[in-house]
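Visitor: This is the structure, below, for whatever I ask next.
The values are calculated or read from the model by the stated rules, or taken from the named source; none is laboratory data. What you see is a predicted model; the values in this text were computed from it and never measured. Cβ coordinates were reconstructed from backbone atoms using ideal geometry, including for glycine residues, and neighbour counts include every protein chain displayed. To get the accessible areas, we keep the full protein, side chains included, count just its heavy atoms, and leave off ligands, DNA and RNA. Shrake-Rupley method; radii C 1.70, N 1.55, O 1.52, S 1.80 Å.
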Amino acid sequence: SQLVYSENDPNKIFTEHLINAFNIFKEQKVQTIIFTGDIGNSGREYVFEQFKKIYDMTYQNETDKPILNIIMGNHDYWYFQYFFTIPSIRQYYFHKVFGEKPFSHKVINGYHFINWSTMDATTITCNTNLHWAKSQIELAVKEDPTKPIFINTHLAPYGTMYGSDEWGNRLYTLLFKDYPQIVSISGHSHFSLVDERSIWQGEFTAITTQSVAYIELERGKENGSVPR
């Protein structure tokens, strides 16, 4: 771990959290790792490289590495805070570092994983390429209509699990409601996995993931939404 940060690095604690998470995954011998966007606070190439370096260092002596399902979130289109850049540039760096496009479809042990990155730094129009997602879902349904289909997005489908009312978008009504076999896995909110509301089962299944940086709660709390 000394190779990826110094003791004076202001992001040291976040780097340590990511290293610890990967080590836990290694101990548990997971077959795939899902990371639903916001690789860092900005989308600089350095940030992507740090994440990839930690993954490679964790599994450097392993012959059977877990498949990485990673997507871009809205922060991955930031160059510095509140300074957005041309989306294609950030997508280029993502492809350069991770060796794959931000939109991918993988089959792991017979199960389909659709990695649907955001398209830009917004939270409103970030999943406008519905035609691509629907075509990938249909491919999975055609192969086996009874199997779960895992769809990884940064924002949650609004009105489902804990945090989606504050940090969700229209994926529920635009697409997901038509496919009961969908298992939606999303991030963005930083809400805790410990809360039983973090999984929702209605017309489909929705699960939120927890950030390795910090926990967040609903807005309007006495001491703010981020516990200290």
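Visitor: Looking at this structure, is Val212 of a type in the set (Val, Ile, Thr) and touching a Leu at 6+ places or on another chain (Cβ under 8 Å)?
Guide: On the way: of a type in the set (Val, Ile, Thr): yes; touching a Leu at 6+ places or on another chain (Cβ under 8 Å): yes.
Judged against the criteria, Val212 is a match.
Visitor: Related question: Hey, any hits in the stretch 141-163 for a residue that's at pLDDT below 90, under 21 Å from Tyr77 (Cα atoms) and buried (at least 18 other Cβ atoms within 10 Å of the Cβ)?
Guide: Within the stretch 141-163, none of the residues are at pLDDT below 90, under 21 Å from Tyr77 (Cα atoms) and buried (at least 18 other Cβ atoms within 10 Å of the Cβ).
Visitor: Could you figure out which of (1) in contact (Cβ under 8 Å) with a residue 12 or more places away in the chain; (2) open to solvent by 50 Å² or more (accessible area, probe 1.4 Å) isn't true of Asp178?
Guide: (1)
Visitor: Of the residues Ile199, Ile185, which single one is under 30 Å from Ile13 (Cα atoms) and open to solvent by 50 Å² or more (accessible area, probe 1.4 Å)?
Guide: On inspection, the qualifying residue turns out to be Ile199.
Visitor: Let me ask another. Output the residues belonging to the stretch 83-127 that are within 20 Å of Phe51 (Cα to Cα), open to solvent by less than 20 Å² (accessible area, probe 1.4 Å), in a loop (DSSP other than H, G, I, E, B) and not hydrophobic (A, V, I, L, M, F, W, C).
Guide: Pro102, Ser117, Thr118 - these are the residues of the stretch 83-127 that are within 20 Å of Phe51 (Cα to Cα), open to solvent by less than 20 Å² (accessible area, probe 1.4 Å), in a loop (DSSP other than H, G, I, E, B) and not hydrophobic (A, V, I, L, M, F, W, C).
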